[in-house]
Each structure stands twice: as C-alpha cells, then as structure tokens.
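A.B. asks: This is the structure I have questions about; it appears just below.
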Amino acid sequence: MTRPTGRWIARAALCAALGVVPALAPSVMAQAATPVPAQGAGRFEIPDNDDGLPGVGPLRRYGWFRTLWRDKRTKWASEVQQDQGAVVLLGDSITQGWNDRLPAAFPGMKIANRGISGDTSRGVLLRLQDDVLALHPKAVVLLIGTNDLEEGARPDVVESNVRTILSAFRAYDPAMPVVLCQVFPSSAKMKRPSPLIKETNARLMGLVRNDPQVTAIETWRLWADADGDAPVGEFPDLLHLNDAGYARWAAALRPVFESLGLMPAATEPFAPEPGFELLFNGRDLTGWGYRATTDEEKAAAARWQASDPNAALWPIVATPVTFDGRTSSPDGRWRVVADRIVTATPSEYRKVQQLWTTRTFEGDFVLKLEFRGTPFADGGLFLRGPQVQVRDYRLSGPYTGLAKYRPQEWNELVVTVRGGVAEITCNGEVLEAAFKVPPSGAIGLEGDRGQMEYRRIRVARR
C-alpha cells in the first residue's frame, strides 16, 4: 500500500476545510462514477446565515436569487455525468449570459456554463465542489466580483475570496489550467465605480503573479473607455454584454484556449509565395534558438529595472542555444502550437524573452509574417538588431490609429528592406516608412506581456 505524501495530506486538509474533493489518480478516477457530493437535502440552497461558512463578504439572499441559485444548481446536479471533463465557465450573470452563443464561439470545446446571475465571489466559493470540481474539469474560466462591489464590499473582499477559490483549485489539481478574467468595466450609476473596479483588478493581478497555474486576461482594458467605464455600445445597461460584447470576449479567450490545448487550433493550408522560403517550418523550432544576451541589453535591463518598479523580468542568456527538432524551448516560454510559434503569458506578468533565427541575413529582402496578441499583449520583431514593436496595437500602441488592425485576430506584417532602410506595414498600412537596419544580422521575435503568436514567417532575397 502506498503511503500518502506530506503534500497530498496538505492538499487533503485544505480540500476538507472547503468541502472540496481532490482530483483522483486516473486509475482511481476510472472507478469513481461520481465524486462524493456535499451532504444534506438542502445543499443546493443558499444558507440562511453566514455561520461557519467559508469566505468573507456578501451572500445574496433575495427571494429571486434564492430560487435561481437553487434551481440552477439542482439542474446541474443532474448533468454531472454528461459534463465530465468540460471546461467550466464560472461566474455571475455575465457568464450565465453566454447562453446559446457558446458552441459558435468555441467550436470543438466541451463547455459547462456555471454562471449564476447575481452571484458574488463568496457564493462561487460555496458551490465549488458540486458545481465545478464534481465535473473533473479540464480547465476553469473565472469571472467574478462585480456584484460584490454593488453590495458594498471592498476590493479586498473579492481578493480574499478569489485567493481561497484559487487555493481550492490548486489543492484539487495543481495542473488544471485556470483562466482569470479581470472584472469588466461598469459605471458608478450601477454602483460599480471605476476606481473600485481598478483596485479590485490590481489586487487580482497581484494575487496571481508568479502563479503558473493561472493565465490572467486583461478584460478590463478590453472595453474600458477614457473614464474607465463600460461603453454603452457593447454594455447597453452598463453592466451586461450584448452580442458584440460577447464576440469581443470570445476573441480574447480563443487564443488562450488554443495554446492551452482546450480547443482545436484553427489552421488553414499555407504555401509561401514564389521566391519566398519559410523561416518557421510550422512543426518545430528548427532554425531558431536563444542567443547570448549582449552587454548593451544587460545594461538596458539594469537601467529599466532600477528606474521602474513595474519593469519586466529580463532573463540573461549566457550561452547561445539552438532548438532544432524541439517543439518548445527548455523553459516552456516558446512553444509550437499547431502552425504557429506561441510565447505564452508569463506568470510574472512581464518577462522579456527573445527567439532568434540561427541564420543571419544580408542585403535587401522582404520579410512577411502574421501575428496575433491577447488584449494588451506586447511583443516585438528584431531586424538584424533594431526592434519594431509588435503588439496588440489597439491597447498597447504605439500604432493606435490603424484602421485595418484586427484585435485578437491574425494580422500581416510586411518588411521591405532596401539599402539599409525598411518600410514596415501592417495589413497594408504603413507603420514605419524609413526604419534603419544594419547591413547584416539575424531575425528575432520577442515576448514580453500577454500571449503573442507568430506564424507564416517567410523571407525572399532581393
């Protein structure tokens, strides 16, 4: 008989405190048709008082909410078997509101919607076992906190409950991906003023920094107007999304779902134009690697980190290394997913890492590639050394006036080098008309903040 490890005992103790059943080993899970549910005939009812309940802050007990909470949870209890292994969307009315939009938004992904209109972070905490973990979820997407603020809770209440929720996920299965969406913008008219939402999100982002289990998405910036409020065009009541709003949210989530292997990556056959050769073969990182960090880069990193407390982590590479035949870098930051190179969202929030061709390029050439970034993502393209910013331009700049840029969709960069000067366009619009480049050097890609993806990287000599 195998003795339980100290780590397992600690996990079991936390799970017991929260009423959570830990994930079972595959051999055991195969024998367990259903997990052990919480006991008691009224387990799907809102408790009458807070005595002995985990978490802090408000639990709604309005008559309509009691009925909705009970009815939804009772229905879900009958669907536990059919929803095994689903990606669980967990939250309040904004999550509930996906409704029949889900299959079209995330084709090929098994989903269980566990949003309850009006729920708070403490309410979500109470229903983790029966509504979420009983499904042995493949991943969880969490959006919660706006109703706490309407009920008068401070941002630290949301932070505390989300910390406990994430601890429960970690105790259940530390390898289960968690996608954390920031609280969406709303309005002071809805008792959700921008300063409180911003503070809540700052606390949530600090909470998950350096947590490799959690991928955080900048869903506040995705919509916030100049005053930090929700735009009425996608939030007609300044709280809930319309079809256009859900389409924007889906576009922000899809790249993360694909890179995590939660849904099939959309690919199309591609062949380079006559005269072009592929620098990325679409299968592995052959021809790419890390180069040694230069003294100039070390000095720049030191100056930045000394002057800015929010400066990015900048790992130093002492010795060049090539990744021929590998589908990921040893640190896991760069990976081949389907037909693209992905630089994953760093758990540190910002982390500068560069991937370079092992070849150098001289003379004139045309370079083409496609890129896609999550909201507020930051990356780059190095042309024999100098860098042009490749980002989610709508939110990260610097080219915020582009008419043809497609946020969270694929965009094409074309770099035409003639006589040491490059013209750089995005979807045909000029980014840089006269970008100076050295006579020789390698081509590089960068990841900094958020998730950046690059594909169809090809070059033609001129």
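The values are calculated or read from the model by the stated rules, or taken from the named source; none is laboratory data. Note that the structure is predicted; figures quoted are calculated from it, not measured. Cβ placement follows ideal geometry from the backbone for every residue including glycine, while neighbour counts extend to all protein chains displayed. Note: areas computed on protein heavy atoms with side chains; ligands, DNA, RNA excluded. Shrake-Rupley method; radii C 1.70, N 1.55, O 1.52, S 1.80 Å.
A.B. asks: Please give the contour-minus-distance gain from Lys436 to Glu151: 0.36 nm per residue of separation, less the Cα-Cα distance, rounded to one decimal in nm.
C.D. replies: Additional length available on full extension: 97.0 nm.
A.B. asks: In whole angstrom, note down how far apart the Cα centers of region 231-281 and region 181-216 are.
C.D. replies: 22
A.B. asks: Tell me the per residue accessible area of region 193-232 using a 1.4 Å probe; a whole number in Å² is fine.
C.D. replies: It amounts to 43 Å² per residue over region 193-232.
A.B. asks: Another question, then. Pop out the carbon and sulfur fraction of the accessible area of region 113-225 as a percent, whole number, probe 1.4 Å.
C.D. replies: Looking at region 113-225 in its full context, I get 48 percent from C and S.
A.B. asks: Rounded to the nearest 5, what % of DSSP beta bridges with both residues in the chain are antiparallel? Walk me through the numbers before you get to the answer.
C.D. replies: Details: 59 of 77 bridges.
Of those bridges, close to 75 percent are antiparallel.
A.B. asks: Enumerate the calculated ³J(HN,Hα) couplings along region 117-129 in order (Karplus 6.51 cos²θ - 1.76 cosθ + 1.60, θ = phi - 60°), each rounded to whole Hz, writing x wherever the residue is Gly or Pro.
C.D. replies: So the Karplus estimates, Gly and Pro as x, are 4, x, 6, 10, 5, 6, x, 4, 4, 5, 9, 4, 5 Hz.
A.B. asks: Determine the shape class of region 190-265: with a ≥ b ≥ c the square roots of the Cα gyration tensor eigenvalues, call it rounded for a/c under 1.5, and otherwise prolate if a/b is greater than b/c, oblate otherwise.
C.D. replies: Verdict is oblate for region 190-265.
A.B. asks: Can you work out ³J(HN,Hα) from phi for every residue in region 433-445, in order, using Karplus 6.51 cos²θ - 1.76 cosθ + 1.60 and θ = phi - 60°, giving whole Hz and x for Gly and Pro?
C.D. replies: Couplings: 8, 8, 8, 6, 10, x, x, 8, x, 8, 9, x, 10 Hz.
A.B. asks: Please give the calculated 222 nm ellipticity per residue for the chain, where each DSSP H segment of at least 4 residues contributes -39500 (n - 2.57) and the sum is spread over every residue; nearest 500 deg cm²/dmol? Intermediate results must be reported in sequence, preceding the final value.
C.D. replies: Numbers: 13 runs with 122 residues, N = 462.
For the chain, the value works out to -7500 deg cm²/dmol.
A.B. asks: What residues have an amide H closer than 5 Å to that of Leu431, excluding those fewer than 5 places away on the same chain, when H is modeled at 1.01 Å from N in the peptide plane?
C.D. replies: Ile424, Thr425, Cys426
A.B. asks: I want to make sure I understand the PRE zone here: with the label point 7 angstrom from the Cα of Gln81 toward its beta carbon, which residues in region 126-147 have backbone N atoms less than 17 Å away?
C.D. replies: Backbone N within reach: 134-136.
A.B. asks: Moving to a separate point now. At a 10 angstrom cut-off on C-beta neighbours, averaged per residue, how do the peptides 196-206, 305-315 rank from highest to lowest?
C.D. replies: Packing proxy ranking, top to bottom: 196-206, 305-315.
A.B. asks: Starting from region 291-358, pick out the GluC sites (Glu not before Pro) whose DSSP state is loop and whose Cβ has at most 16 other Cβ atoms within 10 Å.
C.D. replies: Glu348
A.B. asks: Further, regarding this structure: Step through the residues of region 399-415 one at a time and calculate ³J(HN,Hα) from phi using the Karplus curve (6.51 cos²θ - 1.76 cosθ + 1.60, θ = phi - 60°), rounding each to whole Hz and writing x for Gly and Pro.
C.D. replies: 9, 7, x, 5, 7, 9, 5, 10, x, 6, 10, 6, 10, 9, 9, 10, 10
A.B. asks: Just the Cα atoms of region 258-344, one point each, no solvent: what log10 I(q)/I(0) does Debye give at q = 0.12, 0.26 Å⁻¹?
C.D. replies: -0.54, -1.24
A.B. asks: Sorted by average packing, counted as other Cβ atoms within 10 angstrom per residue and highest first, what order do 114-120, 439-445 take?
C.D. replies: In decreasing order of mean packing, 114-120, 439-445 become 114-120, 439-445.
A.B. asks: Counting only protein heavy atoms, what percent of the accessible surface of region 351-427 is carbon or sulfur at a 1.4 Å probe?
C.D. replies: 45
A.B. asks: Going highest first, how would you order 333-343, 74-84 by mean Cβ packing within 10 Å? Mind dumping the intermediate values first?
C.D. replies: Values: 333-343: 21.1, 74-84: 13.9.
Going by the mean number of other Cβ atoms within 10 Å, highest first, we get 333-343, 74-84.
A.B. asks: May I pose another question? Can you give the Rg to Rh ratio of region 309-390, both from alpha-carbon atoms, with Rh computed by the Kirkwood formula?
C.D. replies: Over the Cα atoms of region 309-390, Rg/Rh equals 0.94.
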